[in-house]
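Student: One structure is given below, represented as structure tokens, and several questions about it will come after.
Throughout, read-outs are computed from the coordinates displayed, never taken from laboratory work. Just so you know, these numbers come straight off a predicted model, no measurement behind them. Backbone-built Cβ (ideal geometry, glycine too); neighbour counts: all protein chains shown.
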Amino acid sequence: LDIPECRRQTVEQGLVQLSNLLNSKLFLTKFIHTLEIQRTFSPRDRAYVASLLTVSLHGKLEYFTDILKTLLNDLVEQYVAKNPKLMLRRTETVVEKLLTNWMSICLYAFVRDSVGEPLYMLFRGIKHQVDKGPVDWVTGKAKYTLNDNRLLREDLEYRTLVSTKAVPSG
């Protein structure tokens, strides 16, 4: 830390106390619940808090998982009383954002080592098939697509157009 020597001890003591609070399950769950009920706590603030908590708890994945299970249990109880169909749909709470971050951490090695390349090859293969047929340049709709909203429904006669661009040097 780049702080004046006269304040260094106070800052270090404060950081140790903050670390102790973050390592208290009761404090952390109450802290998150208290933030959630604040009307002025915006979705952007929720994302920031979730990201900062994820970074601070990343090294203690078992503790992070335990906190997340407790918070998810509380969230389930809350949604059962309201409308359970909306649970985990909008990512509005700190808990939902924490869950997203936790899943990213847990799945990173698996995606990187096992399924990353096959998923990329599948993407490239689908893109190649979509690009074989006509694609409307203006709307982005295509004759061959997986997305029903982007389907070009009319049968069109088309020709492939190849254009080259000469870039003047210098």
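Student: Compare the peptides 48-55, 12-19 by average per-residue count of other Cβ atoms within 10 angstrom and give them in order, highest first.
Tutor: The peptides rank, most packed first, as 48-55, 12-19.
Student: So what is the relative contact order for region 5-131, in percent, with contacts set as C-alpha pairs under 8 Å and at least six apart?
Tutor: Once divided by the residue count of region 5-131, the mean separation gives 26 percent.
Student: Oh, and also: What do you get for the angle between helix 116-132 and the principal long axis of the chain? Use alpha-carbon atoms, 0 to 90 degrees, nearest ten.
Tutor: 30
Student: Taking the Cα atoms only, what angle lies between the long axis of helix 61-81 and the longest principal axis of the chain, rounded to 10 degrees?
Tutor: 80
Student: Rg(Cα) of the chain divided by 2.2 N^0.38 Å?
Tutor: Working it through for the chain, the quotient is 1.61.
Student: While we're here: Going by C-beta contacts inside 10 Å, put Ser114, Ser56 in order with the fewest on the left.
Tutor: Sorted ascending by nearby Cβ count, the order is Ser114, Ser56.
Student: Rounded, prolate or oblate: which one fits region 17-114, using the alpha carbon gyration tensor with axes a ≥ b ≥ c (rounded when a/c is under 1.5, else prolate when a/b beats b/c, else oblate)?
Tutor: oblate
Student: Sticking with this structure for a sec: Which residue, Ser51, Val162, Leu61, has the largest displacement toward the positive end of the dipole of region 42-170 when charges sit on each Cβ (Lys, Arg +1; Asp, Glu -1)?
Tutor: The residue sitting most towards the positive pole is Val162.
Student: Follow-up. Could you identify which residue out of Glu157, Glu77, Glu92 has the top mean-square fluctuation in a GNM of the chain using Cα springs shorter than 10 Å?
Tutor: Comparing Glu157, Glu77, Glu92 in the GNM, the peak value goes to Glu157.
Student: Sticking with this structure for a sec: In a GNM of the chain with a 10 Å cut-off on Cα contacts, which of Gly140, Gly125, Gly59 has the highest mean-square fluctuation?
Tutor: Answer for the Gaussian network model of the chain: Gly140.
Student: Report the Cα centroid-to-centroid distance between region 6-57 and region 147-170 in angstrom, as an integer.
Tutor: Centre-to-centre distance over Cα atoms comes out at 51 Å.
Student: How large is ³J(HN,Hα) for each residue in region 17-24, as worked out from phi by the Karplus curve 6.51 cos²θ - 1.76 cosθ + 1.60 (θ = phi - 60°), to whole Hz, x for Gly and Pro?
Tutor: Karplus-based 3J(HN,Hα) across region 17-24 equals 5, 4, 4, 5, 5, 5, 8, 9 Hz.
Student: Among Phe123, Phe31, Phe64, which one moves the most in a GNM of the chain with springs linking Cα atoms closer than 10 Å?
Tutor: Per the Cα network of the chain with a 10 Å cutoff, Phe123 tops the list.
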